[in-house]
Every structure is written in C-alpha cells, then in structure tokens.
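For reference, the structure is listed below as structure tokens.
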Amino acid sequence: MEYVLIFISAIFVNNIVLTQFLGICPFLGVSKKISTSLGMGAAVIFVITLATIVTWLIQHYLLNPFNLGFLQTIAFILVIASLVQMVEIILKKISPSLYAALGVFLPLITTNCAVLGVAILVIQKDFGLLEGTMYALSNGVGFTLALVIFAGLREQLALSDVPKGMQGVPIALVTAGILALAFMGFAGLV
C-alpha cells in the first residue's frame, strides 16, 4: 500500500513540475508537440529512475560511511552527467533505433534539475532503495504526464485565436499556471 501512495502522490499530488517547480526548462522548451513530449518523457523516466538508484547506492555505500555527505551535490551531478553519457554510448551501440528516438533528448536530461532534485529528495526523505526507485519512477511518470498535457494544450492554443500580446510565451506561462492550479485539486487525495 505504501508504494501505491508514493506512486499516486508523486504523479498527481506532488507533481515534480507543477507543485515543486523542478524541470521547468524542458517543460516549457520541449512542450510544443505531443510527439516530442512523449520522447522527452520516456527519456526522463529512464534516466531519473536509473540516476536515483545509482545516487542512492553512492550515498549509502560511499558518502555516508566515509562522512563525505558534504560532497553530495557535486557527486550527484557528476554521476548524472556520466550516467547520461554512458547510456547514450550504450544505446548507440546496442539499439540504434532507441538511440535515434531518445538521442536528441538524452543530452538535455543532463541539465534537467528534476533528475538531480529527485535524487536529493530520495535521500532527504530517507527512502530505502525500493521506495526511492518507486518515487523516482513515479516522478518521471508525473513529469511525462504534465509535459504531455501541456503539449496538448499548446497544440490547441496554436490553432486558437489568441490576442497578439499573449501569443507565444505569455499564453504558455498562463496555461502552465492554470494547469498547476488544476493539479492542486488532487491535494486532498493522499
């Protein structure tokens, strides 16, 4: 039951983008088409889950035993950047089709603060490895959900008659705010 609560909470109640405001850059930058949003979302789910597992192991088996907790942020950034590069190289060799699908988005994920934020939140919340993995996976799904919904709204806005002063970024920010308010309706769920 605890894993179900983590799953629902991370996707709807505490959505990483809409309530914690992590990962805003790709949220606003890659959300013009649903197809690119799905690609970015899949890459984020994969990397955020893998990065959280690796950073949890580093925190509990390297940083904590040697009292190096002050190096957490630097170590996590290096791990995430290295991990994204390794995943990119491995995908290029093993699965060129998957690399072609995700290859554009993998370098962008290196600078996605949601990946680092979730890794740090897992440590701060004192989750075990399985709970942390579920939390990371759920946050990736929540990121993807918000991204795809926002992309759908932006595609619809492109077809709508928007006043000239509100076209582009202004209407996107207003729409993102309204979407965040809509997700606040899930606050009493968990």
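The values are calculated or read from the model by the stated rules, or taken from the named source; none is laboratory data. Just so we're clear, the structure is a prediction, and the values are computed from it rather than from any experiment. Cβ atoms come from the backbone with ideal geometry, glycine included; neighbour counts cover every protein chain shown. Remember, those area values only see protein heavy atoms, side chains included, never the ligands or the DNA or RNA. Shrake-Rupley method; radii C 1.70, N 1.55, O 1.52, S 1.80 Å.
Observations, loosely collected:
- The simple Förster model, with R0 at 45 Å and r as the Cβ-Cβ distance, assigns residue 173 and residue 90 a FRET efficiency of 0.75.
- In whole angstrom, segment 74-156 maps to an equivalent ellipsoid with semi-axes of 23, 20, 12, each derived as √(5λ) from the alpha carbon gyration tensor and ordered largest first.
- In nm, spacing of pseudo-spin labels at residue 35 and residue 187 (7 Å Cα→C-beta vector): 3.9 nm
- The residues of segment 1-147 expose, per residue, 48 Å² of accessible area to a 1.4 Å probe.
- Label-to-label distance, residue 97 versus residue 111, with points set 7 angstrom from Cα along the beta-carbon direction: 3.2 nm.
- Qualifying lysines (Cα of each under 22 Å from Cα of residue 125; at least 8 residues distant if same chain): none
- Where the alpha-carbon atoms of segment 42-183 are placed on the principal axes, they occupy 60, 37, 24 Å, in descending order.
- Rounded percent of accessible protein surface that carbon and sulfur make up, segment 37-140, 1.4 Å probe: 74 percent
- For segment 25-37, 3J(HN,Hα) per residue [Karplus equation, 6.51 cos²θ - 1.76 cosθ + 1.60, θ = phi - 60°, Hz, x = Gly/Pro]: 4, x, 4, 7, x, 10, 9, 8, 10, 5, 4, 5, 5
- What the Cβ-Cβ distance of residue 70 and residue 130 gives, at R0 = 25 Å and to the nearest 0.05, is a FRET efficiency of 0.40.
- Candidates 79, 44, 169: whichever shows maximal mean-square fluctuation once the chain is modelled as a Gaussian network with Cα springs under 10 Å: 169
- Here the convex hull built on the C-alpha positions of segment 1-112 has a volume of 136 cubic angstrom per residue.
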